[in-house]
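First comes the structure, then the notes that go with it.
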Amino acid sequence: MDEPASAPFGRRHFVPGLGLRATDIALLSSLLFFTVLTALFGAGFQNAGLQIVKNTAVGLVYLAAVHLHRRTSKRAFKFWIRLLSFQMMFAYVFPLVLPLQLILSKTWNDPALLKLERALFGVQPTVWIQKFISPGLTEWLMFAYVAYLALYPILCGILYFKRGPLHMEDLVFKLAIANFVCDLGFILYPVAGPFFWIKDQFTVPLKGPIFTFVGEFVRTHFQAIGSSLPSPHCTVATVMLLTAFRYHRPTFYFISPIILSIYVSAFYARYHYVSDVLLGIVLGVVLFFFVPRLVEREKAQEAAVPD
């Protein structure tokens, strides 16, 4: 079985008593980075001290999962430990950036982005596309947007059991870097998003029986302002698509229609501006090909790791 050709995803980085992979270091570094930012800029946040305690607890739980993964020999159990610990970190770290988005600019940059898009396209695409809204199209695109959540564990499972654990490590390492860069983007150039900034311009309601209802319910009750540019959905989806193309073509052909629909649904369903989508796609492509080069110096030291 061949291994990913470009990176030390299986190499152990020994930190007092724990053998951490590059993926572990990337995820824990993201958690540490936002914990430090919370400590530095947390004076204006409610319960910043408690948040730091929670972050520390999550980091310890993740380290415990790494230890448990090393101790067990059952392949399926190792996969689920790894997958769930990854998922825990992604789900936990993402909200940490939300209260930090305005620590640098102090204001949202939507007006400038709207002006740019109107200059480029002659219209505001997120508003213009309303003329094509229909219940059937809306339901499919909402399905694609929601299905994104399932594509990640499915692709991880296919890579792990069809190609080997290091292929899943390859994917998750890139996703960890992609998510971190997106989070930095939210701070460096905060954008509130169309649903919050130009909500009054959306005159055609989004209607659909199942996925549209779920999507609108989540948006109305749980979506927070910001986390827009670049689109994490589009960045991560692009990395997953390219990874599937490289390692498992049948999966690539299966998920391609869903990924392409995610790109459209991001602005059709008013989650993002077109700029968010385009930058997310470009970022995903750049990271997919560039991230291995960041760790090229370790390539010679790569060592295979048993399942």
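Expressed in whole Å with the largest first, what are the equivalent ellipsoid semi-axes of the chain derived from the C-alpha gyration tensor as the square root of 5 times each eigenvalue? Don't skip to the end; give the middle numbers.
Values: eigenvalues 227, 114, 61 Å².
Here the semi-axes work out to 34, 24, 18 Å.
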Which residue, 145, 198, 134, has the largest displacement toward the positive end of the dipole of the stretch 13-301 when charges sit on each Cβ (Lys, Arg +1; Asp, Glu -1)? 145
Near the amide H of residue 20, under 5 Å away, which other amide H atoms are found, from residues 5 or more places off or on another chain, if H is placed in the peptide plane? 13, 14, 15
Mind sorting 139, 169 by how few other Cβ atoms lie within 10 Å of their own Cβ, fewest first? 139, 169
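Can you list the chymotrypsin sites (Phe, Trp or Tyr not before Pro) in the stretch 145-224 that are in a DSSP coil and have 14 or fewer other beta carbons within 10 angstrom?
Listed in order of number, the matching sites amount to none.
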If unit charges are put on Cβ atoms (+1 for Lys and Arg, -1 for Asp and Glu) and the dipole of the stretch 65-131 is taken about its Cα centre, the option from 92, 109, 77 lying farthest towards the positive end turns out to be 77
Can you give the FRET efficiency for residue 32 and residue 84, using 1/(1 + (r/R0)^6), R0 = 22 Å, r = Cβ-Cβ distance, to the nearest 0.05? 0.60
Set of the stretch 167-209 residues, backbone N closer than 19 Å to the point 7 Å along the Cα-Cβ line of residue 130: 193-208
What dipole magnitude, in Debye to the nearest 20, does the chain give about its Cα centre under +1 on Lys/Arg Cβ and -1 on Asp/Glu Cβ? 460 debye
Scoring only Lys, Arg, Asp and Glu (+1, +1, -1, -1) among other residues with Cβ under 14 Å from the Cβ of residue 265 yields -1
The summed charge of the residue 216 Cβ neighbourhood (under 15 Å; Lys/Arg +1, Asp/Glu -1) stands at +3
Relative contact order for the stretch 13-301, counting Cα pairs under 8 Å that sit 6 or more residues apart, in percent: 22 percent
Scan the chain and report its longest stretch carrying no trypsin sites (Lys or Arg not before Pro) that are both in a DSSP loop and have at most 12 other Cβ atoms within 10 Å. 107-307
Hypothetical label at residue 224: residues of the stretch 181-200 whose amide nitrogen lies under 18 Å (7 Å Cα-Cβ projection): 181-197
Calculate the length of the line joining the C-alpha centroid of the stretch 228-258 to that of the stretch 95-138, in whole Å. 23 Å
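Every number here is computed from the coordinates shown, using simple stated rules; none is lab data. All figures in this text were calculated on a predicted structure; none of them were measured in a lab. A quick note on method: Cβ atoms are made from the backbone with ideal geometry, for glycine too, and the neighbour counts reach across all protein chains shown.
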